Every structure is written in structure tokens, then in C-alpha cells.
Amino acid sequence: MSKDQVIIFDTTLRDGEQSPGCSMNLEEKMKIARLLDVMGVDVIEAGFPIASPGDFEAVHEIAKEMKNAVVCGLSRAKMADIESAGAALKPAKRPRIHTFISTSPSHMKYQLKMTPDQVFEDVKASVTKARSYTDNVEWSGMDATRSDLDFLCKCVEAAISCGATTVNIPDTVGFAEPEEYAQLIRDIQNKVPNIDQAIISTHCHNDLGLAVANSLAGVKAGARQIECTINGIGERAGNAALEEIVMALKVRGDIMPFQTNIDSTMITKMSRALSTTIGFNVQPNKAIVGANAFAHESGIHQDGVLKHAETYEIMTPESVGLTKSNLVLGKHSGRHALKEKLKELGYELGDNAFQDLFSRFKKLADQKKELHDDDIIALIEDEVATEHDQIQFVALQIQAGTEGPQVAELTLSIEGENKKVKTEGNGPVDAIFKAIREICPHDGAHLQLYQVHAVTGGTDAQAEVTVRLEEDGKTVNGQGADADTLVASARAYVHALNKLMVKRQKTKPKEDAA
């Protein structure tokens, strides 16, 4: 690896999924993993195999399929964890085991209830065990930025001596500031005698809004791997955002002369795919991928951009895959035009999924004069997300208004059998959700979030609805898209219910990690 190459380690499917409401089922994880692989991510941390049967299966299936990326499984410094990771990664062409243990005084005393000597012994034992499965082993000292420097360096040296090829220095609680974090990286380089035998990695959380700044400071100080997530999702305030890291290195190559293998033109598609999958809409002013990232309202800014784009744009929309299409679809567009649009947007669907999409497309085109890219993407993502659901939305009729009562007449298909009910509620949405509960009882689940988002502008805009359900501390998000907000609401709730059924199969609790 050249000195100016930065490895992009994506942990969207592991650390990102630990964020409340961001859980994904196997099909969703596979979809995101495939996109990450094509995008050029070097390492995909696919999950925490010991955490649950679902996590083990996801790591195992991703390991089977990835063509380019290293596939990584996380494990604590416990033999059972490492054995589980080794088994899950067995099919991988390029497996990596990532083992971690806390090294800060507070974590050792209050969380682990271990002495520094005990932790040190576990560092050596865990790395040695992981190395028996693969020669690509990463070790992390959790809460490294609040650890005693000499003890941290002692652990790093031991990990490398036992076979770790990457050592990760996490800012687990987002406590550090850039110069402080850079100095920590420099100190490790100066104090650890065998540091030249391993790659230093960063893993920075965003509690103070400094995750990206700290990660870049770490690279400038000598780190050559950055751990990050799409859209910056993750524990609490999230992780360093992959798209911000990649574009910062690309745009500011004058002061950060480093390269990544990421195809930046896939950034927008990747961001949208994740956002749709987990139901977390990106804030409009989010750097790189927000709706306003390339929007200019100020007259002065508009005048400058019209005269020369570089006056107010430091990168082009095209560089992150944001392009304006000349192919606008309408009710007269046929299958060929829709297929061309899918190809242009970078999607491939099987015959059955395409036929279902085309039917919904024609219905929407009858309601709107023009369908824009975002309309098509919303339909595609909704179709792909629900394609394999056991419970399928079929039909909905609503009676609503000031006089009342508000009534929902709903038909769902459960494993191919149609079931129909008619219920009253305190408003049409309440009536719909009561109807779903009557067809598919789930008294233990509670509605945490109901959110409506317009895909495009105008009164004929398609609605994207997100529903979050919680049961026994487990949360899932469902999404639905339709020109009728109430239909979208029903689709979103049914999607969430399907994901909750999958989530119930996970029996072991997942533990927080670096």
C-alpha cells in the first residue's frame, strides 16, 4: 500500500446499526453491502456475529458474496466471540477479525471490572486467538482517547507482537478535539517500537460534532485507515460520515495529499439507499448529501454560480452522483423508458419486481403530470424493501371528514391469503393502524414515530412515510411511498411490522462496542 493511500473501513452495518431505529434485516443488509462493495469500500464491518443469530447469518452471507472488499466481523476479547467471528467469516475471500477491549481507567474499573494487568493479558490472548483464524486481525482499545498513554501504548505493542496488522484508536465517546487526537496518533507512533508493522486506524464518534475533523487530523498525523459510516449514522450522535471524509480528501488534496478507492459518484445513491432502508431522512443542510448541499437561494450566490459555478461551489454535484436527468417520465412512458430510467439511476430489478414497479409507476403517472428522479427512486426503494415481506399491503378505502366517524377498510395479504377488516379510529391514520393490529395482533409493540415527508414539491407530491415500532427495547423502522399519504402510511406500518417479526428472531442482546 502506498503512503498516500487511506483505507476506508465502513461500519454502517455494525456500529451504524447499533443506532436506535437503524436495525436492518438480512435482505436490507445484503443490499447495502453490495452497494458498498461496488462503491469501492476497502473493508466492510458486516456485524457482530456473537450478538445474535441474525448478526451471525448476516456476516456469513455477506462474507460469501463480497467480491472486492475485506469482510470484517467484530468480537470482544472473549474466546467464544472470536470463535463465532471465525465461523461466520469462513466463506470470505478476504476475512478480518476485529477484536476489542476497553483500555481507559473508567471502563476497566466500572464496566469490565478488571485490572489493567488482566486487560493486558486479554489483549494478547484475544489477538493470538483471532490470528489462528486469519492473518488479517484488527485490535481496538475502546475509549482510547481517555486511556493512560503508557498503558495504551503497551497494549498496542502487545497486540502487534501477537499478530494484529491494524490497530484502531477509537474516540469512543467523541471526547477528543482534532489537535489532541492528532497528538495521540503521533505519540503512539513515537512510543510503540513495532508500530511500523501495523496500520493505525481512526474510529471517531460525533458527540461534539468533531468526528470528521478528528479522523482527518488522525490521517494527517499518520493514521492510514478511517472507520466511518454512510450518512454518519451510529451510536448516540453518530460516527464520522464516509461521504464527508471522502470528499474532504478529494477537494482538499492540496493540504491532505491522500487517496481513497471510493467511487464518489455513488455517494448520493448510497446515501439515499441507506436513508430509505432505515427511515432516517438526511437533514437538508447535511454536508455533501443534504437536499440543500448544492442549492443556492441568496441572490448574490445565485448570480455568482450562474456566472461561474466555482464562485460558490467547491465541488460539482456530478462528483457525488447528483445529476439532473433529461429523461422525464409521464403517463405515456412505456416499459422501455422506465427500464432506461432505472439503468440511468443505477438500479437493476428482476422481472417480477419490475412488473410490480411498472404498475405502480403507471398509477402514479396518472396522478402526476411529470415524474422526477426522486419519485422513481421512492417507488423503487419501496418495492425492493417490501418485495419479500410475509405481510403485504393490498387495498385501502378511507371514510374521513369533520362529521366522522373516520373508518378504514383495509385488505392485507398474509403469506398469500387476503384478510379484510373495517375499523373506526380517532382520525384516518389511527383507523388504519387499528385495522392492521386487528388483522395482525401485536399488542406488545408500541408506535414510537410517525413521520411524513414529501418526495418532491407541489400538491401532487408523492409522500414517503416512516413508522417506528418498539417492542421490548427493540426498535424497527418501516417505510412506505405513495401519492396518497394514507396509503403510504399503511405501507409503512406493514413494512415495520414485517421487520419486527424478523427482529423477534434475535434472542441475544447486542453489546456496545468501540
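Readers should treat all values here as calculations from the given coordinates under stated rules, not as data from a laboratory. The structure presented is a predicted model; accordingly, all values stated were derived computationally and were not measured. Here the Cβ positions follow ideal geometry from the backbone for every residue, glycine too, while neighbour counts run over all protein chains shown.
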What residues from segment 12-29 fall in the zone where the backbone N is under 12 Å from a label point 7 Å along the Cα-to-C-beta line of E65? 25-29
Separation between the K422 and Q283 pseudo-spin-labels, each 7 Å from Cα along Cα→Cβ, expressed in nm? 4.7 nm
Taking the Cβ of each residue in H203, H372 as the centre, tally the other Cβ atoms inside 10 Å and list the residues starting with the fewest. H372, H203
Gyration tensor on Cα atoms of segment 375-442, a ≥ b ≥ c root eigenvalues, a/c under 1.5 rounded, else prolate if a/b beats b/c, else oblate, says oblate
Quick check: the distance between the Cα centres of segment 12-53 and segment 191-240, to the nearest angstrom? 19 Å
Calculated from DSSP helices alone, with each H run of at least 4 adding -39500 (n - 2.57) and the total divided by the residues of the chain, [θ]222 nm to the nearest 500 comes to -12000 deg cm²/dmol
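Kindly work out what percent of the DSSP beta bridges joining two residues of the chain are antiparallel, to the nearest 5.
Given both bridge residues lie in the chain, the antiparallel proportion sits at roughly 50 percent.
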In the calculated pair distance distribution of the chain, what percentage of Cα-Cα distances lie above 37 Å? 34 percent
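Mind ordering 231-239, 348-356 by average Cβ neighbours within 10 Å, highest first? Please list the in-between numbers first.
Details: 231-239: 22.7, 348-356: 12.7.
Top to bottom by mean Cβ count within 10 Å: 231-239, 348-356.
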Cα-projected label distance for E438 with E403, points at 7 Å along beta-carbon direction, nm: 2.1 nm
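Please list, by residue number, every one of the GluC sites (Glu not before Pro) in segment 361-416 that is coil in DSSP and has at most 16 other beta-carbon atoms within 10 Å. Don't jump to the answer; show the numbers that get you there.
Numbers: sites: E370, E381, E383, E387, E403, E409, E415; in loops: E370, E387, E403, E415.
Taking segment 361-416 and a limit of 16 other Cβ atoms within 10 Å, the loop GluC sites (Glu not before Pro) found are E370, E387, E403, E415.
So if we plug the beta-carbon distance of T456 and R186 into 1/(1 + (r/R0)^6) with R0 = 51 Å, what FRET efficiency do we get, rounded to 0.05?
On the way: r = 49 Å, r/R0 = 0.96.
Approximately 0.55, to the nearest 0.05.
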If one computes the Cα centroid of segment 174-190 and of segment 60-107, what distance in Å separates the two points? 26 Å
Ordering of 179-190, 28-39 by packing [mean C-beta count within 10 Å, highest first]: 28-39, 179-190
Show me the trypsin sites (Lys or Arg not before Pro) within segment 410-448 that DSSP assigns to loop and that have at most 11 other Cβ atoms within 10 Å of their Cβ. none
Using Cα pairs closer than 8 Å and at least 6 residues apart in sequence, work out the relative contact order for segment 398-507, in percent. 16 percent
Could you work out how far helix 373-386 tilts from the main Cα principal axis of the chain, as a 0 to 90 degree angle to the nearest 10? 80 degrees
